[in-house]
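**Student:** Provided herewith is a single structure, encoded as structure tokens, for subsequent inquiry.
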Amino acid sequence: MTKSNLIATNNTYDIENQVQLSLDLDQSADRLADYYNSFSPFIVYADESGTPTMDNDKNYPVFVLAFCVFNKRIYIEKLVPLIQALKFKFFGHDMVILHEKEIRKHEYPFNFNSKALSDEFLNDLNKVMCETNFILISTIIDKRKGKCEDNLYNAAMEVCLVNLYNFMREKNSHLRKTYVVIESRGAKEDKSIELAFRRICDGHNSLKN
């Protein structure tokens, strides 16, 4: 599998355990270039929809895991400025988190005082999505189709990681380090995801590598 790292976005890290680049003045340009080139040109953000258990939710009987793959240059130069401009325009600051549930249900801070303003926000948000290039890798599990694994998240993770690896091979980046960023869901859940992630990357997958 591709050299990947899992990042839980709410976790706190001890800086002493982080690998730091030595910036000694006598370090050669070749070594620096090798370090910079060890990272792939892509960043992956993952999120889920639905519950990763075989519950009987008739209103939403599926579990979805999606990997959104961005070219870092496009992400930095295009998407980030567009999102920041959107937030400054409608909220006056850029600290707002664009959660789909809150937007869809018009919850604070998306409870605009007029329908015209709400419609303009949604139109601008759709425009940002349409103008941004990214790759979407997703797995959808229909819970109505029969017995599945107890942990649907792990099953979906394997499919998404295998497809991500195939994409990285296509882009000749499968030997470089690619970071997968997953929102923290709680200590127990984060541990379970990390174990599944490492197990899959260690060869327990359909590719057997």
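The values are calculated or read from the model by the stated rules, or taken from the named source; none is laboratory data. Small disclaimer: the values here were computed from a predicted structure and weren't measured. Positions of Cβ are backbone-derived with ideal geometry, glycine not excepted, and every protein chain shown enters the neighbour counts. We work out accessible area using only protein heavy atoms, side chains counted, and drop any ligands, DNA or RNA first. Shrake-Rupley method; radii C 1.70, N 1.55, O 1.52, S 1.80 Å.
**Student:** Under 21 Å Cα to Cα from K143, which lysines show up? Leave out anything in the same chain fewer than 8 places away.
**Tutor:** Within the straight-line cut-off, K143 pairs with K58.
**Student:** Mean 1/r over all different Cα pairs, inverted: what Kirkwood radius does the stretch 21-155 give, in Å? Intermediate values should be presented prior to the final figure.
**Tutor:** Details: mean 1/r = 0.0539 Å⁻¹.
Evaluated over the stretch 21-155, this radius sits at 18.6 Å.
**Student:** Using a 1.4 Å probe on the protein heavy atoms, what percent of the accessible area of the stretch 63-109 belongs to carbon and sulfur?
**Tutor:** Percent of accessible area from carbon and sulfur atoms in the stretch 63-109: 61.
**Student:** Accessible area per residue of the stretch 43-124 at 1.4 Å probe, in Å²? Don't skip to the end; give the middle numbers.
**Tutor:** Values: 5140 Å² over 82 residues.
For the stretch 43-124, the solvent-accessible area averages 63 Å² per residue.
**Student:** Show me the three semi-axes of the equivalent ellipsoid for the stretch 106-175, from the C-alpha gyration tensor (sqrt of 5 times each eigenvalue), largest first, rounded to whole Å.
**Tutor:** Numbers: eigenvalues 240, 99, 16 Å².
For the stretch 106-175, the semi-axes come out at 35, 22, 9 Å.
**Student:** In 10 Å bins starting at 0, how do the alpha-carbon pair distances of the stretch 156-209 split up by percent?
**Tutor:** Cα pair-distance distribution for the stretch 156-209, in percent: 22, 54, 23, 2.
**Student:** Could you state the number of Å between the C-alpha centres of the stretch 111-174 and the stretch 38-91?
**Tutor:** That distance is 6 Å.
**Student:** With label points built 7 Å along Cα→Cβ from the Cα atoms of S114 and S206, find their separation and express it in nm.
**Tutor:** 5.1
**Student:** Another question, if that's okay. How far apart, in nanometres, would the label points at S192 and S138 be if each is projected 7 angstrom from Cα along the Cα-to-Cβ direction?
**Tutor:** 2.3
**Student:** Taking K72 as the anchor, which lysines have their alpha carbon closer than 30 Å to its alpha carbon, excluding any fewer than eight residues away along the same chain?
**Tutor:** Leaving aside lysines fewer than 8 places away in the same chain, those within reach of K72 are K3, K87, K89, K101, K127, K171, K177, K191, K208.
**Student:** Which FRET efficiency, nearest 0.05, do E107 and Y179 yield, Cβ-Cβ r, R0 30 Å? Before the final figure, lay out each step's value.
**Tutor:** On the way: r = 31 Å, r/R0 = 1.02.
So the FRET efficiency works out to roughly 0.45.
**Student:** What nm distance separates the two modelled labels at T51 and N126, each placed 7 Å from Cα along Cα→Cβ?
**Tutor:** 3.2
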